[in-house]
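Worksheet: one structure, shown below.
Each reported figure results from applying straightforward, stated rules to the coordinates on display, with no laboratory input. Computed from a prediction, not measured in an experiment: that's the story for all the values here. We place every Cβ from the backbone using ideal geometry, glycine too, and count neighbours over all the protein chains shown.
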Amino acid sequence: MKLKKLRVLITAGPTREFFDPVRFLSNPSSGKMGYALAEAALKRGAKVTLISGPVALKAPNCRVIRVVSAEEMYRAALKEARRADLILMTAAVSDYRPASYSKRKMKKSARPQTLKLVRTKDVLKELGRRKKAGQTLVGFAAETHGLAAYAKKKLKEKNLDAIVANLVGRPGAGFESDANRASLIDASGKTKDFPRMPKTAMALKIFDFVSYSSVNGKSPSRRPVR
Ligand code: CTP
């Protein structure tokens, strides 16, 4: 499906939550799925903005906004979402950050240490709350178990139009892998299963099956997953 002139916003990669200048909390997200989506959307003629956490990938030929923390991701995503027709939130945003930050490197001691964590903001949930007519919001769910049930719960709670659910924590798919196996679930509960394939191929499939309103929300026809 052509995406000509559609304004597509994609978030990708992990966030880093520093607690001193040399240490942070993060996750193994490589950003590959989000970058593949950005390349696929460009190929199909979309106007793409990519908000990226720290990753080791070559930037696609589009507007790229680099962020580090969940808070930076939140601010950038909310600002950019105002101009987006289709938003795909692949970023693995950290759910917690250290409660405090030490400007000086923390020195080790012989005693065990406890790190106090506080919640970060849920970017996608806020995008769902602010979703405009004609805007399509797609989330991603990474689960080690209970995949379909948790993904459906997130779809509903975050006011999404669709969610791409994939199992993580096993070799050959998910974080860091070049390939993925996933299911696309839409708001009516319809599911499309994608077998294991390269993330570049899956990106094109996602654009084939996700339904979105036509350009710039002018005719907001929401088709279900085919
Ligand atoms: N997400 C987000 N902001 C967060 C956490 C998650 O925007 N602080 C988004 C992710 O980008 C993804 C979706 O929410 O599109 C689901 O993320 P996931 O990590 O699977 O689930 P959580 O909502 O964090 O729930 P849990 O950790 O309990 O599984």
Practice prompt. Give, in nm to one decimal, the length gained when the segment between residue 96 and residue 27 is fully stretched (0.36 nm per residue of separation minus the Cα-Cα distance).
Written response: 23.7 nm
Worksheet item: Looking only at 41, 141, 99, which one moves most when the chain is put into a Gaussian network model with springs between Cα atoms under 10 Å?
Response: 99
Discussion item. Explain nothing, just compute: Karplus ³J(HN,Hα) = 6.51 cos²θ - 1.76 cosθ + 1.60, θ = phi - 60°, for every residue of region 143-153 in order, whole Hz, x for Gly and Pro.
Written reply: 9, 9, 7, x, 3, 5, 5, 5, 5, 5, 5
Response to the item:
Diffing region 6-11: the Karplus 3J(HN,Hα) column from phi (6.51, -1.76, 1.60, θ = phi - 60°), in whole Hz with x for Gly and Pro, holds 5, 8, 10, 10, 10, 10
Response to the item:
A chain fully extended from residue 170 to residue 201 at 0.36 nm per residue, minus the present Cα-Cα distance, gains in nm 9.1 nm
Worksheet, complete the sentence: Per DSSP, the loop-located chymotrypsin sites (Phe, Trp or Tyr not before Pro) within region 41-124 having at most 16 other beta carbons within 10 Å are 101
Discussion item. Give me the net charge for the shell around residue 107: Cβ to Cβ below 13 angstrom, other residues only, Lys and Arg +1, Asp and Glu -1.
Written reply: +4
Discussion item. Given the DSSP H assignment, sum -39500 (n - 2.57) over each helix run of at least 4 residues in the chain and divide by its residue total; what's the result at 222 nm in deg cm²/dmol, nearest 500?
Written reply: -7000 deg cm²/dmol
Response to the item:
Per the rule of 0.36 nm per residue minus the C-alpha distance, extending residue 108 to residue 208 adds in nm 30.8 nm
Item to complete: Go ahead and set up a Gaussian network model of the chain, Cα springs under 10 Å, then flag whichever of 202, 73, 106 fluctuates most.
Response: 106
Worksheet item: Which of these, 46, 149, 70, has the largest mean-square fluctuation under a Gaussian network model of the chain (Cα springs below 10 Å)?
Response: 149
Discussion item. How much of the DSSP bridge set in the chain is antiparallel, in percent, rounded to the nearest 5?
Written reply: 40
Discussion item. Give me, ordered by chain and number, the residues 5 or more places off residue 63 or on other chains with an amide H under 5 Å from its own placed amide H.
Written reply: 48, 50
Worksheet, complete the sentence: Computed on Cα atoms, Rg of the chain relative to 2.2 N^0.38 Å comes out at 1.03
Worksheet item: Which distance in nm do the two modelled labels at residue 56 and residue 79 give, with both placed 7 Å along the Cα-to-Cβ direction?
Response: 2.9
